[in-house]
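S.K.: Can you keep this structure in mind? I'll have questions shortly.
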Amino acid sequence: MPIKKHIEENLKHLDQSYRGETNPKRALYFSKLAILELCGWIEISMDEIITNYCDKKVIALPNKKIVADIVKTTYGFEYEKHFRKMLLSLIGVVAFERLEASVNVSIATKFKSHLVTLKNIRDRLAHTYIKGAPGINSLDAPSVTLSRLREIYDGLNEFKKQLNALR
């Protein structure tokens, strides 16, 4: 999984820039970039959790190619549509049921909730551009995005830990 420190530093830097910005439109750019940065990091993290696990377990080259193809052709970070689907495809239904049963429910619930929220925000941002004068509270401040990182990281880490504990 990518190192949390790097995304955390990026989000803190964006938050500092946001707080120091006097132009509301430029401040909005920092908010938008913080959200997009976090979403990209989540997607890469999911891919790496699955790839690292499969690298340890999968031996045959044709099967390694299947793993790489599934990960490479999965675009997004939604739990059901992307992360869960990759896991089901690569570890199987039986192992996935054991994995999901072993994950801390509270951590998983917060993780999934933040992913839904971020997906909705990201979709809105990705399909528009900033035009005119921004409204007040148009986007979450980078500090809000940074606070989401902590619970998302906990969720990713929990899935990684439980996945690696599977026999």
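S.K.: Checking the structure you have, find out if any residue of region 60-76 is under 15 Å from R148 (Cα atoms), modelled with pLDDT of 95 or more, of a type in the set (K, R) and in a helix (DSSP H, G or I).
M.R.: No, the conditions are met nowhere in region 60-76.
S.K.: Quick check: anything in region 22-30 modelled with pLDDT of 95 or more, part of a helix (DSSP H, G or I), out of contact with any Asp or Glu (no Cβ under 8 Å at 6 or more places or on another chain) and surrounded by 19 or more Cβ atoms within 10 Å (Cβ to Cβ)?
M.R.: No, region 22-30 has no match at all.
S.K.: Kindly indicate the residue of region 138-152 that is buried (at least 19 other Cβ atoms within 10 Å of the Cβ) and either of a type outside the set (A, V, I, L, M) or modelled with pLDDT under 95 (or both) and also farthest from A101 (Cα to Cα) among those meeting that condition.
M.R.: L139
S.K.: Can you tell me which of I121, I107 is touching a Gly at 6+ places or on another chain (Cβ under 8 Å) and over 17 Å from Y18 (Cα atoms)?
M.R.: I107
S.K.: What are the pairs with Cβ atoms under 8 angstrom where one residue, in region 70-86, is at negative phi and the other, located anywhere, is of a type in the set (G, A, S) and part of a loop (DSSP other than H, G, I, E, B)? Sequence gap at least six, or different chains.
M.R.: Pairs that qualify, where the first residue is at negative phi and the partner is of a type in the set (G, A, S) and part of a loop (DSSP other than H, G, I, E, B), are H82/G76.
S.K.: Sticking with this one: Pairs only if they're at least six apart or on different chains, beta carbon under 8 angstrom, first in region 17-37 and within 19 Å of T128 (Cβ to Cβ) and in contact (Cβ under 8 Å) with a residue 40 or more places away in the chain, second surrounded by fewer than 18 Cβ atoms within 10 Å (Cβ to Cβ) and hydroxyl-bearing (S, T, Y); list them, first residue then second.
M.R.: Listed pairs, sorted by first residue: L28/S138; F30/S17; S31/S138.
The values are calculated or read from the model by the stated rules, or taken from the named source; none is laboratory data. Source: prediction; values computed, not measured. A quick note on method: Cβ atoms are made from the backbone with ideal geometry, for glycine too, and the neighbour counts reach across all protein chains shown.
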